[in-house]
Amino acid sequence: MIVGGVARVPGDKSITHRALLFASLAPGTSHLGGALTSLDARSSARVLRQLGATITPLRAGRVVAVRGRARFRRPADVLDCGNSGTTTRLLLGLLAAHPFSAILTGDASLRRRPMRRVTAPLARMGARFIEREGDGLPLTVRGGPLQPLRYELPVSSAQIKSALLLAGLAGEVEVALKEPHGRSRDHSERMLRAFGYGVEEDGGWITFAPTGRLEAFDRQIPGDPSSAAFLAGAAVLARGGELRIAGVGVNPTRTGFLGVLARMGATVAVEDVSDQFGEPVGDLVARPAALRGTEVLPGEIPAVIDEIPLLAALASRAEGRTVFRGVSELRVKESDRLGLIAENLRAVGARAEVSGDDLYVEGDDAPPRGRVRSAGDHRIAMAFAVLATAPGARIRIDDLACAAVSFPRFPETLRGLAREAAS
Ligand code: S3P
């Protein structure tokens, strides 16, 4: 493939979830431009409507209007969070401070994902939880008045961190948190500061003070760097050309993949950066490159957590070996991503193995060929769709439709990269 032209990616998933949650608790009407309209974003909108917010339909290219209320109302029905771990965990934090019971559930993938990582510290703050089937959904939360919390997270995770910060917000109590290694994405902290809340970082501790107040707001949501990474990856594997991906969020807690790609020999330039609503936004410019293997260390993992499927797929085209150290978190994503990356790389003829918590990928220049099982995991499907653009590749993916969880029209966008160049 020869790439060219300017591509755009859908709105940032993490920021869209957070903007919908904040707007739903802000009295008045907020307007969100560029919001993600994917299945996960719709899951957040759906459950927030059940809790009393009025949210206009999420449609591509339309501004979303959200009429919020200072407190949620008791939902009449079970809250179905679909495939979205972020919806579930962040909402648990907010519901922990509301004096009613709510039942949360989700699809088969989400029901398998661990929730005690958020319910245990929320229970320390005073919320109560009833599990139906062990550690996971369905789950009943009964909130109420909360106590302050000082807590060291067992894993670096923006979902756990944000759930606890949002409990502090809704419960109006102080929260102090420490992540074990590496800094997870900080969109919640940036948004809280914008509303006047005290969020400080000192000696590895993040402290929250309930000094602010949510008010209706209007904002533009940048393109999702995790979605842009797939298009940049396709440009790196291309035979020629140059691809610009415009208007992408380049928050450093999200763009660790740029550093890893640079070490692999693929420099993706970041241009025209400006500040938009407290988040840096710019264009990514990617070109074909000859890749070499690298070692990705545990401290780097939080900033590349969603890009590892893509980076592992690219590593299979690199010269030499790539190692991702300390990636056990991948076992509890939308699928067991760790096992599935290795299994699928082997299925297309590459050498990959999991040893303890590390993932090893040996590069090769034989064309990747074979059948890939996505297990309904959007990022696995998209990573292998990118690998399928490598010269000579012949890869069949059982389900690429699941890309719509985070990237509506992904197959068309990927095909369009080559078309743009042709026109
Ligand atoms: C997210 C945090 C990450 C990431 C997920 C979105 C968020 O999960 O994998 O896609 O928006 O906070 P963890 O924080 O659990 O690693």
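Computed quantities for the displayed model
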quantity: Every residue from the range 308-317 that is away from the ligand (no atom under 16 Å from the Cβ) and either open to solvent by less than 10 Å² (accessible area, probe 1.4 Å) or assigned to a helix (DSSP H, G or I) (or both); calculated: 313, 314, 315, 316
quantity: Subset of the range 274-320 (residues that are of a type in the set (Val, Ile, Thr) and more than 27 Å from residue 239 (Cβ to Cβ)); calculated: 281, 301, 305
quantity: Checking residue 82 against (1) under 30 Å from residue 201 (Cβ atoms); (2) touching a helix residue (DSSP H, G or I) at 6+ places or on another chain (Cβ under 7 Å); (3) open to solvent by 10 Å² or more (accessible area, probe 1.4 Å), the condition it does not meet; calculated: (1)
quantity: Criterion violated by residue 50 - all others in (1) open to solvent by 10 Å² or more (accessible area, probe 1.4 Å); (2) within 16 Å of the ligand (Cβ to nearest atom); (3) more than 27 Å from residue 282 (Cα to Cα) satisfied; calculated: (2)
quantity: Evaluation of residue 7 against (1) within 16 Å of the ligand (Cβ to nearest atom); (2) surrounded by 23 or more Cβ atoms within 10 Å (Cβ to Cβ); (3) more than 15 Å from residue 219 (Cβ to Cβ) (one fails), failing number; calculated: (1)
quantity: Criterion violated by residue 59 - all others in (1) over 22 Å from the mean Cα position of the chain (by Cα); (2) surrounded by fewer than 17 Cβ atoms within 10 Å (Cβ to Cβ) satisfied; calculated: (1)
quantity: Top-ranked residue in the range 329-352 [being in contact (Cβ under 8 Å) with a residue 40 or more places away in the chain and open to solvent by 30 Å² or more (accessible area, probe 1.4 Å); ranked as farthest from the ligand (Cβ to nearest atom)]; calculated: 332
quantity: Criterion: within 24 Å of residue 335 (Cβ to Cβ) and either part of a loop (DSSP other than H, G, I, E, B) or within 15 Å of the ligand (Cβ to nearest atom) (or both) - qualifying residue of 118, 173; calculated: 118
quantity: Qualifying positions in the range 105-125 - more than 18 Å from the chain's Cα centre (by Cα), open to solvent by 40 Å² or more (accessible area, probe 1.4 Å) and farther than 23 Å from residue 402 by Cα; calculated: 116, 120, 123, 124
quantity: Check on residue 193, more than 16 Å from the ligand (Cβ to nearest atom), over 25 Å from residue 77 (Cβ atoms) and touching a residue at least 60 places away in the same chain (Cβ under 8 Å); calculated: yes
quantity: Verdict on residue 320 being surrounded by fewer than 24 Cβ atoms within 10 Å (Cβ to Cβ), within 20 Å of the chain's Cα centre (by Cα) and touching a residue at least 24 places away in the same chain (Cβ under 8 Å); calculated: no
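The values are calculated or read from the model by the stated rules, or taken from the named source; none is laboratory data. Every value quoted in this text rests on a predicted model; they were computed, and no experiment measured them. Because the Cβ atoms are built from the backbone with ideal geometry, glycine has one as well, and the counts that use them run over all protein chains shown. The accessibility values were calculated without ligands, DNA or RNA, using every heavy atom of the protein model including side chains. Shrake-Rupley method; radii C 1.70, N 1.55, O 1.52, S 1.80 Å.
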